[in-house]
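Asker: One structure, as structure tokens, below. Some questions next.
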Amino acid sequence: MLTTLSRIVKSGWLNFWRNRWLSSSAISIMGLTIFVTTSLLLINVLTNSLVQILRDKIDISVYFNLETTEEQILETRKSLIDLEEVESVEYVSQEEALEKFEEKHQDNQLLMQSIQELDDNPLEASLNIKAGTASQYEQIVDFLNGSQYKEIIDKINYRQNQAVIARLSSITAVLQRSGVVVSIILALMAVLITFNTIRLAIYSSREEINVMKLVGAGHWHIRGPFIVEGAFYGLVAAVIVLIIFYPVLWLLSPKMTAFLPGSDLFYFFRINFWQILLLQIAVGVSLGVASSLVAIRRYLRD
Amino acid sequence: MITFKDVSKIYLPDHIALNNINLTIQPKEFVSLAGPSGAGKSTLLRLAIREEQPSKGQIFLEEQEINHLAAKDLPQLRRKIGIVFQDFKLLSNKTAYENIAFAMEVGGRTNQEIEEDVPRVLRLVGLHDRDEHFPDQLSGGEKQRVAIGRALAHRPTILIADEPTGNLDLINTWDIIRLLLKINELGTTVILATHDREIVNTLDRRVITLEKGRVIRDEEKGRYIL
Ligand SMILES: Nc1ncnc2c1ncn2[C@@H]1O[C@H](COP(=O)(O)OP(=O)(O)OP(=O)(O)O)[C@@H](O)[C@H]1O
Ligand SMILES: [Mg+2]
């Protein structure tokens, strides 16, 4: 059993090595497939970070009447946090609001003066609410309007933001959905092309397959080396693609970061280097093995 | 050893390649299968190795009826028979050594046996100094000797050769025939299909003559007569 396995692997390796120039077409197609898969992964990472950035930019603020006590606001906050849709609620007290205001307008003498002339703090305390997804803000606003807290709420700035929020939520949805569709189509195409390339390679060996049968080779003796050869295609293709990816990302990543702050593809790539390599090898090897298995089936029928 | 009983082979739609063949070949015989082109020699041999199935009749190899073997039992059958073809049919991406070793590997021989036997076989066919050569780097005669070496890998009790000299010049032809005789002397049944009159007449062994799918003559110490 073990000898058979080692013979099959050795034979597959020799076929691969002796056909290395012929193999290069299969390898390049396979490399393309792995390249596409990896790119899709990275694009997915980019899309996600884009969606994350957009999502971080959206929130709604609830402003409370000036006479509202801190306990009431904190109670509101607590019941908001209990909501499933709410991801985080940040409390901004009147004092903090004033500080922020002063900081923001410190160059505006007129504003600063008029504020300092007031006895009371004119700014309202607020809660900044972030939801899990953009579409959930509607429900949060409905909740607040329907609750006992309606009394103490001065205004919710949702209405002003509503249009923006709706747009963003549809953009992120489209982005993610089309990402999935495009990925599936591209991956499918790549898989089909690889399969056809390997099928062609095996087709050109049909005479040899017949000879092997005539000298008494069992199915695994025939099939095994082809499968091993397919696995080697995948392995080599994966390594080549990785070697290409490294400098390309190194060059491209800073430009991406400039365009999409907060995303750093090269960093992601380095941090997940082994996982990506493993993924590429897994894609390559399983593609090679599966294609060979399917392609050789018809030549083993008797 | 090998028996054909009422065997016919009809290629669709209606070409009768073999017509009611009855014959028995004894162990250790050296039999020539003669006849003009298209007589059905190759067809008969293809049936014997179950590369094809008869349309009618039964074929026995050492008591075993082979015409109804399941696909999974074919490798086992073929390991009992050594086969040599006119066009050599070597594996082009394997060296001479590896071609012979491959047949031994599929027969489940151990690495040690293979390392001992391949050089022995190569020496028997006179190619011990060509073991690292690929088929492309060998002459026709050398290729055929590798093929015979491979056919011997399973230590078969029967060797089937379909016009093994068809692509060879005179000198190589006689080398191959002498090799087959030597193998026969070592105890292997040999069936040799040929339409070479010289060979048949020189051998002076049993000759079965086919014509238009029928056995028209079957003689001990026969001659090539048409
Ligand atoms: N696969 C096939 N399909 C249809 N007809 C076939 C097939 N194989 C052989 N034949 C026919 O069967 C007949 C016998 O062919 P076969 O190859 O057995 O002849 P042969 O005696 O070996 O001839 P040669 O000396 O030329 O090799 C021929 O007329 C041939 O055309
Ligand atoms: Mg023939």
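The values are calculated or read from the model by the stated rules, or taken from the named source; none is laboratory data. The structure displayed is predicted, hence computed values, not measured ones. Cβ coordinates were reconstructed from backbone atoms using ideal geometry, including for glycine residues, and neighbour counts include every protein chain displayed. Protein only, heavy atoms only, side chains kept; ligands, DNA and RNA dropped before computing areas. Shrake-Rupley method; radii C 1.70, N 1.55, O 1.52, S 1.80 Å.
Asker: State which residue pairs qualify: first residue within 14 Å of chain A (Cβ to nearest Cβ) and inside the range B:160-173, second residue assigned to a helix (DSSP H, G or I) and within 16 Å of ligand 2 (Cβ to nearest atom) in any location, beta carbons under 6 Å apart, and separation of 6 or more residues or different chains.
Answerer: Matching pairs, first to second residue: B:I160/B:L45; B:D162/B:S42; B:D162/B:L45.
Matching residues to (1) surrounded by 18 or more Cβ atoms within 10 Å (Cβ to Cβ); (2) under 30 Å from the mean Cα position of the chain (by Cα); (3) among the acidic types (D, E); (4) farther than 26 Å from A:S286 by Cα:
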| site | (1), (2), (3), (4) |
| --- | --- |
| A:I184 | no, yes, no, no |
| A:E208 | yes, no, yes, no |
| A:V211 | yes, no, no, yes |
| A:I222 | yes, no, no, no |
| A:F226 | yes, no, no, no |
| A:Y233 | yes, yes, no, no |
| A:V248 | no, yes, no, no |
| A:L260 | no, yes, no, yes |
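Asker: Output yes when any residue across the range B:178-187 is within 14 Å of chain A (Cβ to nearest Cβ), open to solvent by less than 10 Å² (accessible area, probe 1.4 Å) and either outside any loop (DSSP other than H, G, I, E, B) or within 16 Å of ligand 2 (Cβ to nearest atom) (or both), and no when none is.
Answerer: The answer is no; no qualifying residue exists.
Asker: Can I ask one more? If A:V182 satisfies every condition in (1) modelled with pLDDT of 80 or more; (2) not assigned by TED's automatic domain parsing to the domain that holds A:V294 but one, which is the exception?
Answerer: (2)
Asker: Within the range B:77-89, identify whether any single residue is touching a helix residue (DSSP H, G or I) at 6+ places or on another chain (Cβ under 7 Å) and more than 16 Å from ligand 1 (Cβ to nearest atom), and answer yes or no.
Answerer: Taking every residue of the range B:77-89 in turn, at least one turns out to be touching a helix residue (DSSP H, G or I) at 6+ places or on another chain (Cβ under 7 Å) and more than 16 Å from ligand 1 (Cβ to nearest atom).
Asker: Considering every residue within the range A:3-26, establish whether at least one is open to solvent by 60 Å² or more (accessible area, probe 1.4 Å), away from chain B (no Cβ under 14 Å), touching a residue at least 24 places away in the same chain (Cβ under 8 Å) and within 32 Å of the chain's Cα centre (by Cα).
Answerer: Yes, the range A:3-26 contains a residue that is open to solvent by 60 Å² or more (accessible area, probe 1.4 Å), away from chain B (no Cβ under 14 Å), touching a residue at least 24 places away in the same chain (Cβ under 8 Å) and within 32 Å of the chain's Cα centre (by Cα).
Asker: Now a separate question. Given B:L127, B:L122, which one is open to solvent by less than 30 Å² (accessible area, probe 1.4 Å), assigned to a loop (DSSP other than H, G, I, E, B) and at pLDDT below 95?
Answerer: Exactly one residue qualifies, and that residue is B:L127.
Asker: Among the residues of the range B:128-156, which ones are in contact with a Gly (Cβ under 7 Å, 6 or more places away or on another chain) and more than 14 Å from chain A (Cβ to nearest Cβ)?
Answerer: Scanning the range B:128-156 gives a single hit, B:R145.
Asker: Please list, ordered by residue number, the helices (runs of 4 or more DSSP H) wholly in the range B:1-112 having 2 or more residues that are within 14 Å of chain A (Cβ to nearest Cβ), open to solvent by less than 40 Å² (accessible area, probe 1.4 Å) and away from ligand 2 (no atom under 16 Å from the Cβ).
Answerer: In the range B:1-112, B:74-78, B:96-106 are the helices (runs of 4 or more DSSP H) which contain 2 or more residues that are within 14 Å of chain A (Cβ to nearest Cβ), open to solvent by less than 40 Å² (accessible area, probe 1.4 Å) and away from ligand 2 (no atom under 16 Å from the Cβ).
Asker: Restricting attention to the range B:152-173, report how many residues are open to solvent by less than 30 Å² (accessible area, probe 1.4 Å), away from ligand 2 (no atom under 16 Å from the Cβ) and under 12 Å from B:I199 (Cα atoms).
Answerer: Count: 1.
Asker: Can I ask one more? For the range B:37-54, check the following and say yes or no: at least one residue is of a type in the set (S, T, N, Q), at pLDDT 90 or above and more than 15 Å from ligand 1 (Cβ to nearest atom).
Answerer: no
Asker: Name the pairs whose Cβ atoms lie under 7 Å apart, with the first residue in the range B:63-78 and in contact (Cβ under 8 Å) with a residue 24 or more places away in the chain and of a type outside the set (D, E), the second open to solvent by 40 Å² or more (accessible area, probe 1.4 Å) and part of a loop (DSSP other than H, G, I, E, B), and 6 or more positions between them or separate chains?
Answerer: Cβ pairs passing all conditions: B:L74/A:D302.
Asker: Further question: So B:E198 passes all but one of these: (1) open to solvent by less than 50 Å² (accessible area, probe 1.4 Å); (2) more than 14 Å from chain A (Cβ to nearest Cβ); (3) more than 17 Å from the chain's Cα centre (by Cα). Which condition number does it fail?
Answerer: Looking at each condition in turn, B:E198 falls short on (1).
Asker: Could you check how many residues of the range B:3-22 are out of contact with any Pro (no Cβ under 7 Å at 6 or more places or on another chain) and either within 12 Å of ligand 1 (Cβ to nearest atom) or closer than 14 Å to B:R46 by Cβ (or both)?
Answerer: Residues in the range B:3-22 being out of contact with any Pro (no Cβ under 7 Å at 6 or more places or on another chain) and either within 12 Å of ligand 1 (Cβ to nearest atom) or closer than 14 Å to B:R46 by Cβ (or both): 12 in total.
Asker: Turning to a different aspect of this structure: State which residue pairs qualify: first residue touching a residue at least 12 places away in the same chain (Cβ under 8 Å) and inside the range B:34-48, second residue in a helix (DSSP H, G or I) and within 9 Å of ligand 2 (Cβ to nearest atom) in any location, beta carbons under 9 Å apart, and separation of 6 or more residues or different chains.
Answerer: B:A34/B:K41; B:G35/B:K41
Asker: Output the number of residues of the range A:267-281 satisfying the condition of being surrounded by 14 or more Cβ atoms within 10 Å (Cβ to Cβ) and outside any loop (DSSP other than H, G, I, E, B).
Answerer: Number satisfying all stated conditions: 8.
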